[in-house]
């Protein structure tokens with residue numbers, strides 16, 4: 001993004017780079033039509049600018065709970081209606097490794113972690129549940145969410161299916 005503006009009979013070009021803050025470059029003088037000066041800000045990487053962790057600033061009354069149940073893992077994410085994520089958990093992040101991640105018990109623990117976070121912070125009262133995938137933790141996650149104090153308004157199944165698109169992986173021979 002660049003903006004051209006005039007100040008003290010000089011043309012200034014304001015550039016914004018993705019790794020730097022604004023850098024101001026004086027292009028030409030209006031009277032002498034020569035290159036006058038060049039001023040730049042110091043290189044500041046993006047990661048150094050944000051030091052504090054994100055905090056939840058307000059309660060959300062209505063949100064969306066996404067459950068992604070793959071054959072290897074189960075992931076649960078809670079967002080507001082605009083799509084900004086507030087908390088998440090997965091079976092792998094809860095300490096299950098290897099083939100134990102795919103179990104319904106691991107999905108239950110991950111869903112309980114998310115529900116406990118929501119109840120402790122008093123964040124969510126009503127939610128839509130959107131489920132993707134057909135893994136073993138799918139029904140378990142729905143059951144835990146419905147047993148919690150969160151009112152479920154709708155349940156969507158957003159599992160995609162191919163219209164003869166990509167070739168599936170080969171069958172396992174055991």
Legend entry - Residues satisfying the stated conditions in region 135-174, i.e. closer than 23 Å to residue 92 by Cβ and touching a strand residue (DSSP E or B) at 6+ places or on another chain (Cβ under 7 Å): 135, 137, 138, 141, 142, 145, 158, 159
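Could you list, in sequence order, the residues of region 126-137 that are within 21 Å of the chain's Cα centre (by Cα) and surrounded by 15 or more Cβ atoms within 10 Å (Cβ to Cβ)? Full working, then the answer.
Looking only at region 126-137, we keep the residues that are within 21 Å of the chain's Cα centre (by Cα), and these are 126-133.
Correct list: 127, 128, 129, 130, 131, 132, 133.
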Legend entry - Whichever residue in region 108-125 is without any contact (Cβ under 8 Å) to a residue 40 or more places away in the chain and over 19 Å from the mean Cα position of the chain (by Cα) and, among such residues, is surrounded by the fewest Cβ atoms within 10 Å (Cβ to Cβ): 120
Inset, instruction - Within region 145-160, identify whether any single residue is surrounded by fewer than 11 Cβ atoms within 10 Å (Cβ to Cβ), assigned by TED's automatic domain parsing to the domain that holds residue 86, more than 20 Å from the chain's Cα centre (by Cα) and without any contact (Cβ under 8 Å) to a residue 12 or more places away in the chain, and answer yes or no. - result: no
Inset, instruction - Go through (1) over 24 Å from residue 100 (Cα atoms); (2) out of contact with any helix residue (DSSP H, G or I) (no Cβ under 6 Å at 6 or more places or on another chain); (3) assigned to a loop (DSSP other than H, G, I, E, B) and name the single condition residue 135 misses. - result: (1)
Inset, instruction - Can you work out which of the residues in region 78-107 that are farther than 30 Å from residue 162 by Cβ and more than 18 Å from the chain's Cα centre (by Cα) is surrounded by the most Cβ atoms within 10 Å (Cβ to Cβ)? - result: 94
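The values are calculated or read from the model by the stated rules, or taken from the named source; none is laboratory data. Every value quoted in this text rests on a predicted model; they were computed, and no experiment measured them. Cβ atoms come from the backbone with ideal geometry, glycine included; neighbour counts cover every protein chain shown.
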